[in-house]
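First comes the structure, then the notes that go with it.
The values are calculated or read from the model by the stated rules, or taken from the named source; none is laboratory data. Just so it is clear, the structure is predicted and the values come from calculations on it, not from any experiment. A quick note on method: Cβ atoms are made from the backbone with ideal geometry, for glycine too, and the neighbour counts reach across all protein chains shown.
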Amino acid sequence: MSGMNWLAWGAIFMATVLLTYGISLTYGTRQQLKRRIDETEVASSGVAIFRPEEATNPLKKQLASWLGSFGKLARKNQEETKIQTLLIHANFRTPKAITVFYGLKVLSAMLLPIPFSLLIIVRGNLTLLPLMGLFLVGGIGYALPQFFLNKMARKRQDKIDRVLPDVIDLFVICMEAGLALQATINRVAEEIRGVCHEFYTELQITAGEMRTGISRDTALKNLGKRTGVQSLQSLVTLMVQSEKLGTSLADSLRAHADFSRTQRTLRAEEMAAKLPVKIVIPLVLFILPAMFIVIVGPGAIVMAKSLLPLLFGKT
């Protein structure tokens with residue numbers, strides 16, 4: 001590979017770095033001011049609550065600050081509300097989480113194409129098709145953090161959803177024993193601490209909000225918003241409506257527990273019914289070719305040995 005190609009790629013790399021640095025300096029002050037406004041709004045909403053353990057590790061703080069400097073370049077106003085909600089669902093509650101998330105997107109988009117670009121440089125194939133592939137790899141790198149964030153949020157929501165019927169039973173037992181709602185929440189949270197730490201954290205936050213003077217309705221609604229679990233949001237709506245109408249909360253929760261178990265059974269049956277369809281793909285791609293090679297392979301070798309001499313006129 002000629003030295004001119006190396007010089008061209010080095011110039012492209014330096015131009016990209018300088019352009020990124022210039023954009024960061026241009027929009028850094030504006031994004032920092034906007035981030036401070038967002039932090040104030042998030043702190044006053046009662047939905048995103050700080051986790052003290054995140055602020056005790058200086059390495060994590062330094063890494064978050066470094067990623068946040070990249071995140072300033074990619075933040076989009078129209079997407080921030082959705083991303084902020086998704087981060088809260090995945091248990092990332094600090095106001096800097098959204099900036100760190102966008103920083104990861106930018107960093108992933110910059111780092112993932114590096115092996116591909118090195119391969120292009122080594123092979124000296126500076127055509128249009130490899131360059132388009134380079135941009136495609138960068139786009140995939142930009143989308144990867146979003147994919148993993150969605151996966152983390154769904155995994156956490158599934159854990160909360162699976163344990164919800166048992167939690168409702170504990171609520172019924174505690175309330176029928178004469179405990180108030182806040183005491184019930186504290187007691188149930190301690191009982192499920194070793195079973196589902198995600199639900200334990202959410203109940204502790206709800207109890208803390210009630211202790212700080214937030215009304216029960218608002219604290220319970222915040223519980224549903226933080227988790228994003230549909231069944232839990234239905235439970236919160238039921239509890240709020242029962243309190244407003246003056247009906248027995250224990251009876252309502254017992255009926256809702258039966259409904260939640262029915263829903264969980266139906267979801268399990270639905271997943272079981274989808275298995276035959278899902279298994280077709282690995283069956284066709286992996287199992288059938290191996291069986292075809294094992295069954296037909298020996299016969300094909302024998303036929304090849306017998307027919308090739310006849311085809312090429314050899315005795």
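Here are a few things to note about the model shown:
- Test: residue in the stretch 105-128 that is outside any helix (DSSP H, G or I), modelled with pLDDT of 80 or more and either among the aliphatic types (A, V, I, L, M) or farther than 30 Å from residue 252 by Cα (or both): yes
- Residue 260 meets each of the listed conditions (1) modelled with pLDDT of 85 or more; (2) surrounded by 19 or more Cβ atoms within 10 Å (Cβ to Cβ); (3) more than 24 Å from the chain's Cα centre (by Cα); (4) of a type in the set (Ser, Thr, Tyr) apart from (1).
- Taking the criterion of being hydroxyl-bearing (Ser, Thr, Tyr), surrounded by fewer than 17 Cβ atoms within 10 Å (Cβ to Cβ) and assigned to a helix (DSSP H, G or I), the only residue of the stretch 202-219 that qualifies is 218.
- Residue within the stretch 173-180 that is farther than 30 Å from residue 112 by Cα, assigned to a loop (DSSP other than H, G, I, E, B) and at pLDDT 90 or above present: no
- Number of the exception - residue 220 against (1) in contact (Cβ under 8 Å) with a residue 60 or more places away in the chain; (2) within 33 Å of the chain's Cα centre (by Cα); (3) at negative phi: (1)
- Screening residue 227 on (1) under 24 Å from residue 89 (Cα atoms); (2) buried (at least 18 other Cβ atoms within 10 Å of the Cβ); (3) free of Cβ contacts under 8 Å to residues at least 60 places away in the same chain; (4) not hydrophobic (A, V, I, L, M, F, W, C) shows it passes everything except condition (3).
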